[in-house]
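Visitor: My questions all concern the structure below.
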Amino acid sequence: MREKMNRNISVYYRFKFSQNMLIIGPVLVPYMLFKGLSYSEMMFLQSISAVAVVLFEVPTGSIADRVSRKFSLVISSVITAFGLSLYIVCESFLAFALAELLFGLGMTFSSGADSAILFESLSRMEREKEYSKIEAKAMSNIFVGQAVGSIASGLLYSVSPYIPFWISLGMLFLSSGYSLFFTEPDHGERSRESYLVHAARSFGDAVKKPRVRWALYFSALMGVMLRASFWLYEPYFKLVRLDIALYGVVFAGFNVVCALSSRYLMKLFENVRPRKSLTFLGLLMGGAYLIPLILLNVGSLAFLALGQIVRALYQPIMRFYINRQIEDAFRATIISIVSLTASLSFAVFSPLIGLGLDRAGAISVYLVMGLVSVGGSLFLWRVRNLQKRKKAAADRKSALDETVS
(Lines give C-alpha, C1' and ligand atoms only; values in the text may rest on other atoms or scores of the structure.)
Protein backbone atom coordinates (compact mmCIF):
# COMPACT_ATOMS: atom_id res chain seq x y z
CA MET A 1 0.00 0.00 0.00
CA ARG A 2 2.85 2.40 0.76
CA GLU A 3 4.07 2.02 -2.84
CA LYS A 4 0.61 2.90 -4.16
CA MET A 5 0.35 5.91 -1.89
CA ASN A 6 3.74 7.08 -3.12
CA ARG A 7 2.58 6.61 -6.71
CA ASN A 8 -0.43 8.82 -5.95
CA ILE A 9 1.98 11.72 -5.52
CA SER A 10 3.40 11.38 -9.03
CA VAL A 11 -0.13 10.92 -10.42
CA TYR A 12 -1.17 14.04 -8.52
CA TYR A 13 1.53 16.10 -10.27
CA ARG A 14 0.36 14.91 -13.70
CA PHE A 15 -3.34 15.32 -12.93
CA LYS A 16 -2.96 18.84 -11.55
CA PHE A 17 -0.71 19.93 -14.41
CA SER A 18 -2.99 18.76 -17.20
CA GLN A 19 -6.18 19.94 -15.49
CA ASN A 20 -4.75 23.44 -15.05
CA MET A 21 -2.97 23.72 -18.40
CA LEU A 22 -5.68 25.90 -19.88
CA ILE A 23 -3.78 28.32 -22.09
CA ILE A 24 -6.76 30.61 -22.67
CA GLY A 25 -5.95 33.01 -19.80
CA PRO A 26 -4.20 35.80 -21.73
CA VAL A 27 -6.84 35.84 -24.48
CA LEU A 28 -9.99 35.08 -22.50
CA VAL A 29 -11.17 38.67 -22.05
CA PRO A 30 -10.39 39.62 -25.69
CA TYR A 31 -12.15 36.40 -26.76
CA MET A 32 -15.26 37.33 -24.77
CA LEU A 33 -15.19 40.81 -26.27
CA PHE A 34 -14.84 39.10 -29.67
CA LYS A 35 -17.99 37.12 -28.81
CA GLY A 36 -19.81 40.41 -28.15
CA LEU A 37 -19.84 40.51 -24.34
CA SER A 38 -19.45 43.65 -22.21
CA TYR A 39 -17.42 43.78 -18.99
CA SER A 40 -20.64 43.68 -16.98
CA GLU A 41 -21.77 40.55 -18.83
CA MET A 42 -18.38 38.91 -18.31
CA MET A 43 -18.49 39.51 -14.57
CA PHE A 44 -22.11 38.39 -14.42
CA LEU A 45 -21.06 35.13 -16.05
CA GLN A 46 -18.36 34.76 -13.40
CA SER A 47 -21.02 35.34 -10.77
CA ILE A 48 -23.06 32.53 -12.32
CA SER A 49 -20.04 30.25 -12.14
CA ALA A 50 -19.48 31.20 -8.51
CA VAL A 51 -23.15 30.58 -7.68
CA ALA A 52 -22.81 27.14 -9.28
CA VAL A 53 -19.86 26.48 -7.02
CA VAL A 54 -21.94 27.57 -4.02
CA LEU A 55 -24.74 25.19 -5.03
CA PHE A 56 -22.54 22.21 -5.82
CA GLU A 57 -19.50 22.61 -3.52
CA VAL A 58 -20.77 20.81 -0.43
CA PRO A 59 -22.74 18.07 -2.27
CA THR A 60 -19.73 17.17 -4.40
CA GLY A 61 -17.42 17.36 -1.39
CA SER A 62 -19.74 14.94 0.40
CA ILE A 63 -19.58 12.58 -2.58
CA ALA A 64 -15.80 12.61 -2.28
CA ASP A 65 -16.06 11.87 1.46
CA ARG A 66 -18.85 9.30 1.31
CA VAL A 67 -18.24 7.61 -2.07
CA SER A 68 -14.79 8.15 -3.60
CA ARG A 69 -12.15 10.85 -4.05
CA LYS A 70 -11.07 9.14 -7.27
CA PHE A 71 -14.58 9.15 -8.74
CA SER A 72 -14.86 12.88 -8.09
CA LEU A 73 -11.56 13.60 -9.84
CA VAL A 74 -12.39 11.44 -12.87
CA ILE A 75 -15.60 13.27 -13.72
CA SER A 76 -14.36 16.74 -12.73
CA SER A 77 -12.33 17.34 -15.87
CA VAL A 78 -14.94 15.74 -18.14
CA ILE A 79 -17.67 18.11 -16.94
CA THR A 80 -15.35 21.13 -17.20
CA ALA A 81 -14.42 20.07 -20.74
CA PHE A 82 -18.07 20.05 -21.82
CA GLY A 83 -18.42 23.55 -20.40
CA LEU A 84 -15.41 24.78 -22.36
CA SER A 85 -16.74 23.24 -25.56
CA LEU A 86 -19.84 25.46 -25.33
CA TYR A 87 -17.61 28.53 -25.47
CA ILE A 88 -16.13 27.18 -28.70
CA VAL A 89 -19.29 26.20 -30.58
CA CYS A 90 -21.91 28.62 -29.20
CA GLU A 91 -22.56 32.35 -29.52
CA SER A 92 -25.44 33.19 -27.15
CA PHE A 93 -25.22 34.54 -23.61
CA LEU A 94 -27.50 31.73 -22.37
CA ALA A 95 -25.11 29.10 -23.77
CA PHE A 96 -22.20 30.81 -22.01
CA ALA A 97 -24.25 30.88 -18.78
CA LEU A 98 -24.75 27.10 -19.10
CA ALA A 99 -21.01 26.73 -19.72
CA GLU A 100 -20.27 28.61 -16.49
CA LEU A 101 -22.65 26.34 -14.58
CA LEU A 102 -20.72 23.35 -15.92
CA PHE A 103 -17.40 25.02 -15.02
CA GLY A 104 -18.66 25.51 -11.49
CA LEU A 105 -19.86 21.91 -11.20
CA GLY A 106 -16.62 20.51 -12.62
CA MET A 107 -14.47 22.64 -10.33
CA THR A 108 -16.35 21.58 -7.20
CA PHE A 109 -15.85 17.90 -7.93
CA SER A 110 -12.08 18.37 -7.64
CA SER A 111 -11.73 21.28 -5.19
CA GLY A 112 -11.81 19.19 -2.03
CA ALA A 113 -11.08 15.74 -3.42
CA ASP A 114 -7.65 16.54 -4.89
CA SER A 115 -6.36 18.07 -1.67
CA ALA A 116 -7.86 15.23 0.39
CA ILE A 117 -6.36 12.42 -1.68
CA LEU A 118 -2.90 14.02 -1.54
CA PHE A 119 -3.00 14.73 2.20
CA GLU A 120 -4.33 11.27 3.05
CA SER A 121 -1.77 9.55 0.82
CA LEU A 122 0.98 11.41 2.68
CA SER A 123 -0.69 10.67 6.01
CA ARG A 124 -0.64 6.92 5.34
CA MET A 125 3.13 7.24 4.85
CA GLU A 126 3.51 9.57 7.87
CA ARG A 127 4.69 12.39 5.60
CA GLU A 128 1.95 14.99 6.28
CA LYS A 129 4.48 17.79 6.81
CA GLU A 130 5.46 17.52 3.13
CA TYR A 131 1.97 18.56 1.99
CA SER A 132 2.65 22.27 1.43
CA LYS A 133 5.95 21.50 -0.27
CA ILE A 134 4.36 19.02 -2.71
CA GLU A 135 1.38 21.28 -3.34
CA ALA A 136 3.73 24.18 -4.05
CA LYS A 137 5.83 22.05 -6.42
CA ALA A 138 2.70 21.00 -8.30
CA MET A 139 1.68 24.64 -8.62
CA SER A 140 5.19 25.59 -9.76
CA ASN A 141 5.02 23.02 -12.56
CA ILE A 142 1.64 24.41 -13.61
CA PHE A 143 2.91 27.97 -13.69
CA VAL A 144 5.93 27.04 -15.82
CA GLY A 145 3.63 25.29 -18.26
CA GLN A 146 1.25 28.22 -18.32
CA ALA A 147 4.14 30.63 -18.94
CA VAL A 148 4.99 28.76 -22.14
CA GLY A 149 1.30 28.36 -22.96
CA SER A 150 0.65 32.07 -22.47
CA ILE A 151 3.12 33.04 -25.18
CA ALA A 152 1.78 30.31 -27.45
CA SER A 153 -1.83 31.34 -26.88
CA GLY A 154 -1.20 34.91 -28.01
CA LEU A 155 0.43 33.69 -31.22
CA LEU A 156 -2.23 31.03 -31.83
CA TYR A 157 -5.03 33.51 -31.13
CA SER A 158 -3.74 35.71 -33.94
CA VAL A 159 -4.13 32.73 -36.27
CA SER A 160 -7.58 31.79 -34.95
CA PRO A 161 -9.28 32.77 -31.67
CA TYR A 162 -10.46 29.19 -31.27
CA ILE A 163 -7.13 27.33 -31.31
CA PRO A 164 -6.16 28.01 -27.65
CA PHE A 165 -9.58 26.74 -26.60
CA TRP A 166 -9.27 23.47 -28.54
CA ILE A 167 -5.84 22.82 -27.00
CA SER A 168 -7.19 23.50 -23.51
CA LEU A 169 -10.08 21.14 -24.17
CA GLY A 170 -7.65 18.35 -24.99
CA MET A 171 -5.72 18.95 -21.75
CA LEU A 172 -8.90 18.56 -19.71
CA PHE A 173 -9.62 15.16 -21.22
CA LEU A 174 -5.99 14.18 -20.59
CA SER A 175 -6.34 15.09 -16.90
CA SER A 176 -9.42 12.91 -16.63
CA GLY A 177 -7.36 10.02 -17.97
CA TYR A 178 -4.60 10.60 -15.43
CA SER A 179 -7.10 10.58 -12.57
CA LEU A 180 -7.91 6.93 -13.35
CA PHE A 181 -4.45 5.99 -12.03
CA PHE A 182 -5.11 7.22 -8.47
CA THR A 183 -5.36 4.61 -5.71
CA GLU A 184 -8.05 5.47 -3.18
CA PRO A 185 -6.54 5.66 0.34
CA ASP A 186 -8.12 3.38 2.95
CA HIS A 187 -10.73 5.21 5.01
CA GLY A 188 -11.32 3.74 8.41
CA GLU A 189 -13.30 6.90 9.22
CA ARG A 190 -15.35 7.16 6.03
CA SER A 191 -18.72 8.68 6.83
CA ARG A 192 -21.74 6.45 6.24
CA GLU A 193 -24.30 8.99 7.38
CA SER A 194 -26.96 10.40 5.09
CA TYR A 195 -25.91 13.36 2.97
CA LEU A 196 -27.90 15.88 5.02
CA VAL A 197 -26.51 14.61 8.32
CA HIS A 198 -22.96 14.53 6.94
CA ALA A 199 -23.24 18.05 5.50
CA ALA A 200 -24.81 19.39 8.71
CA ARG A 201 -22.06 17.86 10.87
CA SER A 202 -19.40 19.26 8.54
CA PHE A 203 -20.90 22.76 8.70
CA GLY A 204 -21.18 22.46 12.46
CA ASP A 205 -17.57 21.34 12.76
CA ALA A 206 -16.40 24.23 10.57
CA VAL A 207 -18.30 26.86 12.55
CA LYS A 208 -17.43 25.39 15.95
CA LYS A 209 -13.66 25.51 15.49
CA PRO A 210 -12.29 29.08 15.77
CA ARG A 211 -9.37 28.44 13.41
CA VAL A 212 -11.62 27.04 10.69
CA ARG A 213 -14.11 29.85 11.27
CA TRP A 214 -11.32 32.40 10.81
CA ALA A 215 -10.29 30.62 7.60
CA LEU A 216 -13.85 31.04 6.34
CA TYR A 217 -13.65 34.80 6.96
CA PHE A 218 -10.30 35.10 5.22
CA SER A 219 -11.44 32.92 2.32
CA ALA A 220 -14.39 35.26 1.78
CA LEU A 221 -12.01 38.21 1.50
CA MET A 222 -9.53 36.53 -0.82
CA GLY A 223 -12.30 34.97 -2.86
CA VAL A 224 -12.98 38.45 -4.20
CA MET A 225 -9.53 40.04 -4.11
CA LEU A 226 -7.64 37.20 -5.78
CA ARG A 227 -10.22 35.97 -8.29
CA ALA A 228 -11.20 39.42 -9.48
CA SER A 229 -7.57 40.35 -10.19
CA PHE A 230 -7.52 38.18 -13.32
CA TRP A 231 -10.47 40.05 -14.83
CA LEU A 232 -8.95 43.41 -13.94
CA TYR A 233 -5.66 42.91 -15.80
CA GLU A 234 -7.06 43.62 -19.28
CA PRO A 235 -8.65 46.97 -18.26
CA TYR A 236 -5.30 47.98 -16.71
CA PHE A 237 -3.45 46.93 -19.86
CA LYS A 238 -5.70 49.32 -21.75
CA LEU A 239 -4.96 52.12 -19.29
CA VAL A 240 -1.23 51.84 -19.95
CA ARG A 241 -1.83 51.22 -23.69
CA LEU A 242 -0.24 47.79 -23.84
CA ASP A 243 -0.48 46.22 -27.28
CA ILE A 244 -2.71 43.14 -27.28
CA ALA A 245 0.08 41.19 -28.98
CA LEU A 246 2.06 41.53 -25.74
CA TYR A 247 -0.69 40.20 -23.48
CA GLY A 248 0.64 36.66 -23.77
CA VAL A 249 4.18 37.81 -22.96
CA VAL A 250 2.99 39.62 -19.82
CA PHE A 251 0.98 36.60 -18.70
CA ALA A 252 4.02 34.42 -19.33
CA GLY A 253 6.00 36.70 -17.03
CA PHE A 254 3.25 36.46 -14.42
CA ASN A 255 3.41 32.67 -14.54
CA VAL A 256 7.19 32.69 -14.21
CA VAL A 257 6.77 34.76 -11.04
CA CYS A 258 4.24 32.20 -9.80
CA ALA A 259 6.55 29.30 -10.60
CA LEU A 260 9.53 30.86 -8.82
CA SER A 261 7.35 31.82 -5.86
CA SER A 262 5.99 28.28 -5.52
CA ARG A 263 9.42 26.75 -5.84
CA TYR A 264 11.47 29.07 -3.65
CA LEU A 265 9.39 31.54 -1.63
CA MET A 266 7.32 28.79 -0.03
CA LYS A 267 10.45 27.79 1.91
CA LEU A 268 10.39 31.16 3.65
CA PHE A 269 6.97 30.33 5.12
CA GLU A 270 7.66 26.78 6.28
CA ASN A 271 8.33 27.86 9.88
CA VAL A 272 5.85 30.75 9.94
CA ARG A 273 2.40 30.31 11.43
CA PRO A 274 -0.13 29.94 8.56
CA ARG A 275 -2.29 32.74 9.97
CA LYS A 276 0.61 35.20 9.80
CA SER A 277 1.48 34.00 6.29
CA LEU A 278 -2.10 34.42 5.09
CA THR A 279 -2.38 37.92 6.58
CA PHE A 280 0.86 38.92 4.87
CA LEU A 281 -0.52 37.63 1.56
CA GLY A 282 -3.66 39.71 2.05
CA LEU A 283 -1.56 42.85 2.53
CA LEU A 284 0.56 41.95 -0.48
CA MET A 285 -2.62 41.61 -2.55
CA GLY A 286 -3.55 45.13 -1.52
CA GLY A 287 -0.17 46.34 -2.76
CA ALA A 288 -0.79 44.61 -6.09
CA TYR A 289 -3.81 46.89 -6.58
CA LEU A 290 -2.55 50.15 -5.08
CA ILE A 291 1.07 50.42 -6.27
CA PRO A 292 0.26 50.07 -10.01
CA LEU A 293 -2.50 52.63 -9.50
CA ILE A 294 -0.04 55.16 -8.06
CA LEU A 295 2.55 54.67 -10.83
CA LEU A 296 0.19 54.03 -13.77
CA ASN A 297 2.66 53.24 -16.53
CA VAL A 298 3.86 50.19 -18.46
CA GLY A 299 6.66 49.62 -15.96
CA SER A 300 4.10 49.25 -13.17
CA LEU A 301 3.07 45.92 -14.71
CA ALA A 302 5.90 44.50 -12.62
CA PHE A 303 3.98 45.43 -9.46
CA LEU A 304 0.90 43.61 -10.70
CA ALA A 305 3.12 40.55 -10.28
CA LEU A 306 2.78 40.95 -6.50
CA GLY A 307 -0.64 39.41 -6.97
CA GLN A 308 1.01 36.46 -8.69
CA ILE A 309 3.06 35.77 -5.57
CA VAL A 310 -0.22 35.62 -3.65
CA ARG A 311 -1.73 33.37 -6.30
CA ALA A 312 1.19 30.96 -5.97
CA LEU A 313 1.32 30.75 -2.18
CA TYR A 314 -2.27 31.24 -1.01
CA GLN A 315 -3.75 27.84 -1.82
CA PRO A 316 -0.94 25.64 -0.40
CA ILE A 317 -0.82 27.63 2.83
CA MET A 318 -4.60 27.83 3.27
CA ARG A 319 -5.17 24.15 2.52
CA PHE A 320 -2.38 23.06 4.86
CA TYR A 321 -3.93 25.25 7.56
CA ILE A 322 -7.37 23.69 7.01
CA ASN A 323 -6.17 20.09 6.69
CA ARG A 324 -4.51 20.26 10.10
CA GLN A 325 -7.79 21.22 11.77
CA ILE A 326 -10.10 18.44 10.50
CA GLU A 327 -10.41 14.65 10.47
CA ASP A 328 -10.56 12.34 7.44
CA ALA A 329 -14.31 11.68 7.53
CA PHE A 330 -15.14 15.35 6.88
CA ARG A 331 -11.96 16.51 5.15
CA ALA A 332 -13.17 17.02 1.56
CA THR A 333 -16.49 18.49 2.70
CA ILE A 334 -14.95 21.09 5.01
CA ILE A 335 -12.36 22.04 2.39
CA SER A 336 -15.31 22.47 0.04
CA ILE A 337 -17.09 24.66 2.61
CA VAL A 338 -14.07 26.96 2.71
CA SER A 339 -14.05 27.11 -1.10
CA LEU A 340 -17.81 27.69 -1.05
CA THR A 341 -17.31 30.75 1.14
CA ALA A 342 -14.86 32.22 -1.37
CA SER A 343 -17.20 31.49 -4.26
CA LEU A 344 -20.24 32.96 -2.52
CA SER A 345 -18.32 36.14 -1.76
CA PHE A 346 -17.15 36.41 -5.37
CA ALA A 347 -20.68 35.69 -6.66
CA VAL A 348 -22.05 38.62 -4.66
CA PHE A 349 -19.39 41.17 -5.53
CA SER A 350 -18.26 40.29 -9.07
CA PRO A 351 -21.28 41.93 -10.79
CA LEU A 352 -20.54 45.10 -8.81
CA ILE A 353 -16.94 45.00 -10.04
CA GLY A 354 -18.19 44.69 -13.62
CA LEU A 355 -20.54 47.63 -13.18
CA GLY A 356 -17.70 49.60 -11.63
CA LEU A 357 -15.51 48.96 -14.67
CA ASP A 358 -18.23 49.98 -17.13
CA ARG A 359 -19.35 53.09 -15.23
CA ALA A 360 -16.47 54.35 -13.05
CA GLY A 361 -13.46 52.89 -14.84
CA ALA A 362 -10.49 50.77 -13.84
CA ILE A 363 -8.80 53.42 -11.65
CA SER A 364 -11.71 53.65 -9.21
CA VAL A 365 -12.09 49.87 -9.08
CA TYR A 366 -8.38 49.33 -8.37
CA LEU A 367 -8.47 51.90 -5.56
CA VAL A 368 -11.45 50.27 -3.84
CA MET A 369 -10.04 46.75 -4.23
CA GLY A 370 -6.67 47.75 -2.79
CA LEU A 371 -8.13 49.51 0.23
CA VAL A 372 -10.51 46.64 1.01
CA SER A 373 -7.71 44.08 0.73
CA VAL A 374 -5.43 45.94 3.14
CA GLY A 375 -8.19 46.94 5.55
CA GLY A 376 -9.81 43.52 5.51
CA SER A 377 -6.53 41.70 6.20
CA LEU A 378 -5.71 43.92 9.19
CA PHE A 379 -9.24 43.57 10.53
CA LEU A 380 -9.12 39.76 10.32
CA TRP A 381 -5.73 39.74 12.06
CA ARG A 382 -7.44 41.54 14.91
CA VAL A 383 -10.35 39.08 14.85
CA ARG A 384 -8.02 36.08 15.24
CA ASN A 385 -6.23 37.73 18.16
CA LEU A 386 -9.59 38.25 19.87
CA GLN A 387 -10.44 34.58 19.26
CA LYS A 388 -7.21 33.51 20.92
CA ARG A 389 -7.80 35.77 23.93
CA LYS A 390 -11.32 34.44 24.33
CA LYS A 391 -10.06 30.85 24.25
CA ALA A 392 -7.28 31.61 26.74
CA ALA A 393 -9.83 33.18 29.12
CA ALA A 394 -12.11 30.16 28.79
CA ASP A 395 -9.19 27.81 29.48
CA ARG A 396 -8.23 29.78 32.60
CA LYS A 397 -11.82 29.69 33.84
CA SER A 398 -12.02 25.96 33.22
CA ALA A 399 -8.76 25.35 35.08
CA LEU A 400 -9.97 27.49 37.98
CA ASP A 401 -13.27 25.60 38.17
CA GLU A 402 -11.40 22.29 38.26
CA THR A 403 -9.16 23.58 41.06
CA VAL A 404 -12.13 24.76 43.11
CA SER A 405 -14.01 21.49 42.64
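Visitor: Which value, in Å², gives the accessible area per residue of the chain when a 1.4 Å probe is used on the protein heavy atoms?
Guide: 43
Visitor: Picking from Ser229, Ser336, Ser300, which is most flexible by a Gaussian network model of the chain using Cα springs under 10 Å?
Guide: Among Ser229, Ser336, Ser300, the largest mean-square fluctuation in the Gaussian network model of the chain belongs to Ser300.
Visitor: I would also like to ask the following. Please report the carbon-and-sulfur percent of the accessible area for the chain; probe 1.4 Å, protein heavy atoms only, DNA, RNA and ligands left out.
Guide: 66
Visitor: What number, in percent, do you get for the relative contact order of segment 70-160 if the mean sequence gap of Cα pairs under 8 Å and at least 6 apart is divided by its residue count?
Guide: Computed over segment 70-160, the figure is 25 percent.
Visitor: Using θ = phi - 60° and the Karplus form 6.51 cos²θ - 1.76 cosθ + 1.60, what ³J(HN,Hα) does each residue of segment 376-383 get, whole Hz, x for Gly and Pro?
Guide: x, 5, 5, 5, 5, 4, 5, 4
Visitor: Output the relative contact order of the chain, whole-number percent, from Cα pairs under 8 angstrom with separation of 6+ residues.
Guide: Over the chain, the number comes to 29 percent.
Visitor: Mind pulling the per residue volume of the convex hull built on the Cα atoms of the chain? Å³ is fine.
Guide: 140
Visitor: What is the helix-to-structure angle for 131-159, meaning the angle in degrees between its Cα long axis and the longest Cα principal axis of the chain, kept from 0 to 90 and rounded to the nearest 10?
Guide: 10
Visitor: Can you give the local net charge around Gly154? Use residues other than it whose beta-carbon is closer than 14 angstrom to its beta-carbon, Lys and Arg +1, Asp and Glu -1.
Guide: -2
Visitor: Taking the alpha-carbon distance from Lys129 and a cut-off under 17 Å, which lysines remain once sequence neighbours fewer than 8 residues away in the same chain are dropped?
Guide: Output for Lys129: Lys137, Lys267.
Visitor: Enter the angle in degrees (range 0 to 90, nearest 10) between the Cα long axis of helix 93-111 and the first principal axis of the Cα atoms of the chain, meaning the one along which they spread out most.
Guide: Rounded to the nearest ten degrees, it is 30.
Visitor: May I ask for the percentage of alpha-carbon pairs in segment 20-160 that lie more than 23 Å from each other?
Guide: 46
Visitor: To the nearest 500 deg cm²/dmol, what mean residue ellipticity at 222 nm is calculated for the chain from DSSP H runs of n ≥ 4 alone, each contributing -39,500 (n - 2.57), summed and divided by the residues?
Guide: One gets -28500 deg cm²/dmol as the mean residue ellipticity at 222 nm.
The values are calculated or read from the model by the stated rules, or taken from the named source; none is laboratory data. Fair warning: this is a prediction, and the values are worked out from it, not measured in the lab. Methodologically, a virtual Cβ is constructed for each residue, glycine included, from the backbone with ideal geometry; neighbour enumeration extends over all protein chains shown. Just so you know, the surface numbers come from the protein's heavy atoms only, side chains and all, with ligands and any DNA or RNA stripped out. Shrake-Rupley method; radii C 1.70, N 1.55, O 1.52, S 1.80 Å.
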